[in-house]
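So the structure is just underneath, and the comments pick up after that.
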Amino acid sequence: MNKVLGLSVILAISPLANAADIGAGKAKVETVCAACHGANGVSVSDTIPNLAAQRAGYLETQLKAFKDGVRKAPSMTSPIATMAAIATQLSAADMADVAAYFASLPGASGAAKSAQLPNVAKTSVTFPEGYKDTFTMYHAINFPATKQVRHYYANKVAVQAAKEGKPLPDGSYLLAEVYAAKLDSDSKPVMGADGFFVADKPLLYTAMARGAGWGNDIPAMLRNENWNYAIFALDKTHRPGVNQAECLACHKPLDNVSYTFTLKQLSQAR
Ligand code: HEC
Ligand code: HEC
């Protein structure tokens, strides 16, 4: 321990002030980055890059580019870059450390995948039986690219807090119904009189809810206070394979609006 401390002191005062601390990088990777990139740098899904054996200099440059907003989100459907939300929470030293750690790992074969981090993937959100009777529908959004329309519902606790301009407390529940839009003979979504696509087939539900202690097992860099997330299939069971880390990371920057994208609409709910 002393040796390690002594070494880092020497490095801190030497001209090699930026020498990376692989041990610190490993610790950070295991608690946070592992939720998506795997503790060994082999990612958990096809949409997330492997980082094992990648050059440290390249990784550091990418992290800095995410943090500075120079490298944008690849997704056209969201204004938020998942990695930007993560990278803004890393110092220059953190970046050097995690980059050095990933660079030190052996590369993986193309098909290899890591398991999700169990403490992050686990959710406490259950399906809100009977929500049609007790929740308020407060918003709808058209998704032209996917020809879908979403209907947004909130429970009483959430509606009341939003109307009073207060942060959404434990007990809040927001549910979005995702529908395929009704299509006309040209396969274009049919527009309703209210300006929203006419909902046809229900596809799934996305949900976010919060309860006391629900954030405890989630590392601080990903935690959204006590919010947990879930996707439900039409039979109301949890869709398998959902990685809650992705939900948490993308909603994370919205801490000043209760981690929701639609708080304004919620506050105007009838
Ligand atoms: C919620 C999931 C998630 C978490 C957690 C996460 N990442 Fe990422 N990361 C992604 C995704 C998705 C991409 C690729 C998408 C993109 O280009 O924006 C990515 C891309 C990267 C890249 C660029 C790779 C390349 O080939 O250009 C680096 C570097 C990186 N992540 C580092 C990290 C580090 C370090 C951490 C932990 C501090 C971390 N990530 C945590 C999802 C995540
Ligand atoms: C890439 C960013 C991103 C990711 C990842 C993401 N969301 Fe969202 N989420 C959004 C955006 C943008 C909205 C607002 C409109 C919409 O797309 O429905 C939203 C809205 C929501 C809402 C409606 C309440 C609100 O915040 O306004 C729920 C519920 C929700 N998301 C659940 C989830 C769940 C569950 C996951 C993970 C399986 C997830 N989200 C992952 C960006 C994201």
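The values are calculated or read from the model by the stated rules, or taken from the named source; none is laboratory data. No experiment lies behind these values; they were computed from the predicted model shown. Heads up, the Cβs are rebuilt from the backbone with ideal geometry, glycines too, and the neighbour counts pull from every protein chain shown. With ligands, DNA and RNA removed, areas are computed over all heavy atoms of the protein, side chains included. Shrake-Rupley method; radii C 1.70, N 1.55, O 1.52, S 1.80 Å.
The figures follow:
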{"quantity": "Rounded, prolate or oblate (a/c below 1.5 giving rounded, otherwise prolate when a/b exceeds b/c) for the stretch 144-209 by Cα gyration tensor", "calculated": "prolate"}
{"quantity": "Whole-Hz couplings from phi, Karplus 6.51/-1.76/1.60, listed for the stretch 209-222; x for Gly and Pro", "calculated": "8, 10, x, 4, x, 5, x, 4, 8, 9, x, 3, 5, 10"}
{"quantity": "Tilt relative to the chain, helix 92-104 - C-alpha long axis, 0 to 90 degrees, to 10", "calculated": "80 degrees"}
{"quantity": "Cα-based equivalent ellipsoid of the stretch 126-264: semi-axis lengths in Å, sorted from largest, via gyration tensor", "calculated": "27, 17, 14"}
{"quantity": "Distribution of pairwise C-alpha distances over the chain, 10 Å bins, in %", "calculated": "7, 24, 30, 22, 12, 4, 1, 0"}
{"quantity": "Exposure of PHE66 as accessible area (Å², to 10), given a probe of 1.4 Å and all protein chains", "calculated": "30 Å²"}
{"quantity": "Count of lysine pairs in the stretch 180-270 with Cα separation under 26 Å (8 or more residues apart, or interchain)", "calculated": "6"}
{"quantity": "Anchor LYS67: aspartates and glutamates whose Cα lies under 20 Å away (excluding residues fewer than 8 positions away in-chain)", "calculated": "ASP94, ASP97, GLU246, ASP255"}
{"quantity": "Angle in degrees between helix 56-67 and the longest Cα principal axis of the chain, rounded to the nearest 10", "calculated": "40 degrees"}
{"quantity": "Length-normalised contact order for the chain - Cα pairs under 8 Å, 6+ apart - percent", "calculated": "17 percent"}
{"quantity": "Sorted peptide list for 180-193, 101-114, 154-167, 32-45, criterion being average Cβ within 10 angstrom, highest first", "calculated": "32-45, 154-167, 101-114, 180-193"}
